[in-house]
Each structure stands twice: as C-alpha cells, then as structure tokens.
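The values are calculated or read from the model by the stated rules, or taken from the named source; none is laboratory data. All of these numbers come straight from a predicted model, not from anything done at the bench. Cβ atoms come from the backbone with ideal geometry, glycine included; neighbour counts cover every protein chain shown.
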Amino acid sequence: MAAVVLSACHVTPETIKKVEQVVQVKKDATITCPTEQTDRCSIASPFADTFELATNKALNSMILLEHGEQSLLARLHLIRAARETIEIQSFIWVNDEAGHLVIRELLAAAKRGVKVKVIIDQLFSMGNSWLVTDIATLHQNLEFKLYNPVFQDAHTSAFEFFSAMACCMARLNKRMHNKAFIVDNKYGIVGGRNYQSRYYDWDESFNYKDRDVMAIGPVVDDISTSFRSYWQSPHVVPVEHLRDVSERILNGQRSNIDWQQPLSHKANSILEQATNQNVIKHTFFDDIIEVERVEYFSDTHDKPFNKKARKANDQLTQRIHTFFAEAKHKILIQTPYLIFSRPARKTLKKLRRQIPDLELLVSTNSLASTDAYYVYAISYKYKRFYLKKLGMQIYEYKDRPGTVAEDFAPHVIDEKTRFGMHSKSFVIDDYISMIGSHNFDPRSDVLNTESGFVIHSEAFAKALSEKIQVDMTDENSWVVAAKEQIPFFSHISGFIATISRKLPIFDIWPFRYSTSYKLKQGFPEVPPNHPDFYQNYEAIGNFPNVDLSSKQIQTIIISAFAGFAEPVM
C-alpha cells in the first residue's frame, strides 16, 4: 500500500517539462546592478581583510555567534556583501518576521546578480504551498529545493502527516538536519540555528539560547563541496517539481504576499547595522580566534537511506564517538536533548571504567525550558544511569535564566517570554571543540543528516567552555543530582529502579534516584560530588517551574510506558 501511495504522488516527466517552461517565463529576470560592475553592487565588508589574511597564512579564523540577533546580523551583512554565490542549508524555514526578512534579502541579492541556492528539509518548513509557489517563480537567480518531501508535496497537511506515519514512517523519519550558510566560498556559518524568529530573539513567547560559529578561510571550501553534493542528490527536489506547487504554477495561482511591504522598526534597524562597517567591527572583531586546525564534517546526503553510507568513517557520528572514546580528563557537552544513543552510552560507560576521575559535564534543558517534553520524558528515564553509572554532572537550563539581559535581544522579550536551550557543542580535554547540528541522540546518529565544525585550538576551547559554563551557573540552571541516600531503603529502591528503567514499558517504580537542586542563598556553588553539596543546595523536585499540568503528567506517562520510542526521539 505504501508503495502504491508513494508512486501515485510523483509528478510525471511531462508535467515537470510543462512547469519548467512556465517557470522560465514567470521568473523575474531583472538585474539591478550593471553587468560590468564585477562586485555585483555589494557592500564592502571588513571580513574581506580577515579572509585575505587567513588565505595567506593557510589558517582559518573562527567567530563564536552566541547572541541570536547578532547571528542574524552576521547573515544579513554577508548577504549584502555577497558578490558571486550564496548557498544555504536549513532544517526549518518559517515565513515569520525573521524568515521573511532573510528571503527578501536573498531576493535582493539575486536581483544584483548573485546566484542563490537554498536547500530546506521539507517536513516543518514554509507552512503552505502558496508561499513555496511564489518562491519558485521569484527570480532566475534564486533557486529553492526541498529534502525528502512527504508525498512529493511542499506542504504536508495534518491528514497527510498522520497518513505518512501510518503507511511510511520509515521514510517520514529520514530528515536533513544540516545548518550551513556559505557566501562566495569565503565565509561559512555552521551551528544550530534555523530560519525562524525564535532563533534570533524575535519571538514574543519563546526564544532559543543557540550557537553558531562563523569560519573565514580555506575550510569554507569543504562546506561548499558538501552543499553541492546535497544539491545534486536524488533526495533533494526542486520546489517547482513538487505536486502541489506544480499544480498552482500551471493554474496560474499565486499568494498575496507583498515582498516589498514596509518592514518593522527592528528589521530596518538591523539592516542599517548590517551595512555599517563600524558596527560589524565592533560586534564581531574582538571575538575572532585564529585556530591551528579546523575540520568540517557533514554526513552524506543518503545517510538516512543507506546503512553502508551510515557506517562510513567520515560521518559525523563516528567522529564524535571517536573523540569521546579518546578523552583523557574532561568532556563538556551542551545539548537540548539528553538522550544518548546506545553506542554512545557504551562508549561513555567504558571510558568511565578506564578513567574513574574523568569529568563529564552536561548542560541541557529542563522540562520547563524544553521545546519537546516527550523527548525530555525519555531523558528522565535515564537520569539514574547518567548520574550513577556514567558519573555525569547534569545542569538543566531554566525557562527564565538570570542572564536574560546579556544573552537575548530586548525587542520583544517581557516577563512572559520563555527560553530554551538549543546549542549543540562539546569540548574535550580543553582543546577539541565541536559546534554543529548534531544533538548526540539516536535521531542524529541514524535518522538525520548532520554537520559541524571540529576545531583543534586551546584558545577556542577556552572561549567555548566559558560560554557553556555560564549557562551552567545557578542563576541559569538547576543541578540534577542524586537524592540524599537513606540506609537500606535507598539500596533496595535503587535495585528495583534499575530493573524498572530497563523496561521499554511499565517503568512505574515511583521512587526516583535523583531530583533537581538550587543553591541556598549565601552559599558558594560546588559540584554534586563535593562534600558540601547537600549543605549548600536544597532539593526542589524533579520538574521545577512546571505546575502539575498536562505536560508534567504526560512526561511521567511517556517515561513509564514509551521507552521503546527512544530510537526515534
């Protein structure tokens, strides 16, 4: 049945040919920059000198992009500075204020003569086929493609989504999670941010604490090479070849989107900053770090569809497990979803046996801050294993961190705005750093394509570690640690809990090994293995800042009865 459904969804070659003919006529061919102007009327960028220096020294310069709005500023500046090409990969693209602004800027660059290519994972992007139909016909220099479109449509309705879950779950789960932004093969941004307001501090209700890194230098060649392999992939489909989009194009249908509508004050403000060299220098140049060695790892485009490809040595997951296994004294991890895959758990357990004094610290989301409580529920199930067997120190990010004013732009944030962790990074032995899209979970290991930078640099590792450690302080995170032990009862309870947690269903033993803690006023911060920990901290329950609501109840139920779903979380 699945085969019949999928085959019926494909657009015929005859239809594709007709659509391409119509698209060529409909696409705007206007070029706003004189053809003899080789810079394509781009703005001057102070990063150009950094690139020349990096090229001459055969080294790469890296810039941590911690602040959401500043990461958007960097992208807008580079789009306006582009002279030849812009290439973008993203898991999510939403046509809200930030997403719409970036599309407008890409369209303006295309009209200057810059070749713009964008690949988006289809499942959670764009929101409707009307928008994608517009994008398909905006300009001859602007091309969009979608990865693994469900039922060969640009937009998946709720009915189609649940139909796909019923008939084609294996295919539905195979997603492109890469995030890459490349300009002129000189500048590349890689990390965790998608194109949606909540990644850039522009959402009134919820914003992410996320992280990107900008590379300037020879390593950007590797990002471009990976992008081109995806662009040519059979799993990546031009938007005009999709069923719902092709129908609208052939029927002459368009949306009512005004691509020249007046922008908001904050959009105009950030565009003004993006064209100001002094602002760019002041914002970014103090944070440039020249690194000894940087590698870009990207999974192959067919990883989710090909077991042999998944086992290839150049896949990001294999590299991460290797780095973990070779750690000597410290692993510092930040991830939104604390669900290590079985191979990762085995690697870390073996490492703990080999190096009893290993520091293993993790910064992640609390139930209050997470955007996926069902994933947190599986993490909740493994807390005892992480703490007792792996010796992990766990810090869970607050939904209202204390450093809001320093970490987020103030435009739309108020006392009701919630915050969540979305950064994906690690630092090993104060020297090797990774920043990318990989969540260190089963999905990233098997079902998603992922990408990231691995940076070999003591200076960069120090800068990244300091950022993560601030997120782990008491004002920003709660500490998850073992409860104070009760003689005999704790031992018996732990034995029963160990058996219960191993069950994929009916994990119903109510007594938990751990709980969350906050620092008592006037006491110094210490790690959970410090002898003064229970004197300095007070227990506040498993789900601080979460009322006994449907979210908390569902978290407990999923943890108890849905352990079997761990591989797809």
## Note on the structure
Among helices (runs of 4 or more DSSP H) completely within the range 138-252, the ones holding 2 or more residues that are modelled with pLDDT under 95 are 158-167, 169-172, 243-250
#### Entry: Scan of the range 80-134 for residues that are within 21 Å of the chain's Cα centre (by Cα), part of a loop (DSSP other than H, G, I, E, B) and not charged (D, E, K, R), ordered by number
Phe91, Ile92, Val94, Asn95, Gln122, Leu123, Phe124, Ser125, Met126, Gly127
### Message
Any residue that is closer than 26 Å to Val470 by Cα, in contact with a helix residue (DSSP H, G or I) (Cβ under 6 Å, 6 or more places away or on another chain) and not charged (D, E, K, R) - is there at least one of those in the range 308-321?
### Response
yes
## Note on the structure
Scanning the range 318-343 for residues that are in contact with a Ser or Thr (Cβ under 7 Å, 6 or more places away or on another chain), modelled with pLDDT under 95 and β-branched (Val, Ile, Thr) gives Ile339
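Does any residue of the range 42-49 turn out to be over 22 Å from Asp244 (Cβ atoms), among the aromatic types (Phe, Trp, Tyr), surrounded by fewer than 22 Cβ atoms within 10 Å (Cβ to Cβ) and modelled with pLDDT of 95 or more?
The initial filter retains those residues of the range 42-49 that are over 22 Å from Asp244 (Cβ atoms), namely 42-49.
Still in the list and also among the aromatic types (Phe, Trp, Tyr): 47.
Filter once more, so that each one left must be surrounded by fewer than 22 Cβ atoms within 10 Å (Cβ to Cβ): none.
No, the conditions are met nowhere in the range 42-49.
Conditions tested, residue by residue: (1) at pLDDT below 95; (2) farther than 19 Å from Ile189 by Cβ; (3) surrounded by fewer than 22 Cβ atoms within 10 Å (Cβ to Cβ); (4) not assigned by TED's automatic domain parsing to the domain that holds Ile189.
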{"position": "Ala409", "(1), (2), (3), (4)": "yes, no, yes, yes"}
{"position": "Lys424", "(1), (2), (3), (4)": "no, no, no, yes"}
{"position": "Tyr431", "(1), (2), (3), (4)": "no, yes, yes, yes"}
{"position": "Val454", "(1), (2), (3), (4)": "no, no, yes, yes"}
{"position": "Ala459", "(1), (2), (3), (4)": "no, yes, yes, yes"}
{"position": "Ala463", "(1), (2), (3), (4)": "no, no, yes, yes"}
### Task
For Thr347, state whether it is of a type in the set (Ser, Thr, Tyr), more than 22 Å from Phe460 (Cα to Cα) and either at pLDDT 95 or above or touching a helix residue (DSSP H, G or I) at 6+ places or on another chain (Cβ under 8 Å) (or both).
yes
### Query
In the range 430-448, which residues are out of contact with any strand residue (DSSP E or B) (no Cβ under 9 Å at 6 or more places or on another chain) and among the hydroxyl-bearing types (Ser, Thr, Tyr)?
Ser444
### Task
Please find, within the range 80-94, the residue that is farthest from Arg40 (Cα to Cα) out of those that are surrounded by 23 or more Cβ atoms within 10 Å (Cβ to Cβ) and of a type outside the set (Phe, Trp, Tyr).
Ser90
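Considering the range 517-546 alone, what residues qualify as being touching a helix residue (DSSP H, G or I) at 6+ places or on another chain (Cβ under 9 Å) and of a type in the set (Ser, Thr, Tyr)?
The initial filter retains those residues of the range 517-546 that are touching a helix residue (DSSP H, G or I) at 6+ places or on another chain (Cβ under 9 Å), namely 517, 519-520, 523-528, 530, 542-543, 546.
Passing the criteria: only Tyr517.
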#### Entry: Hits in the range 443-474 (condition: more than 25 Å from Lys311 (Cβ to Cβ), of a type in the set (Gly, Ala, Ser) and touching a residue at least 40 places away in the same chain (Cβ under 8 Å))
Ser457, Ala459, Ala463, Ser465
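Of all the helices (runs of 4 or more DSSP H) wholly in the range 313-429, which have at least 3 residues that are touching a strand residue (DSSP E or B) at 6+ places or on another chain (Cβ under 8 Å), touching a residue at least 40 places away in the same chain (Cβ under 8 Å) and over 21 Å from Val479 (Cβ atoms)? Full working, then the answer.
Details: elements: 316-325, 342-354, 373-381, 404-407.
Filter on the range 313-429 gives 316-325.
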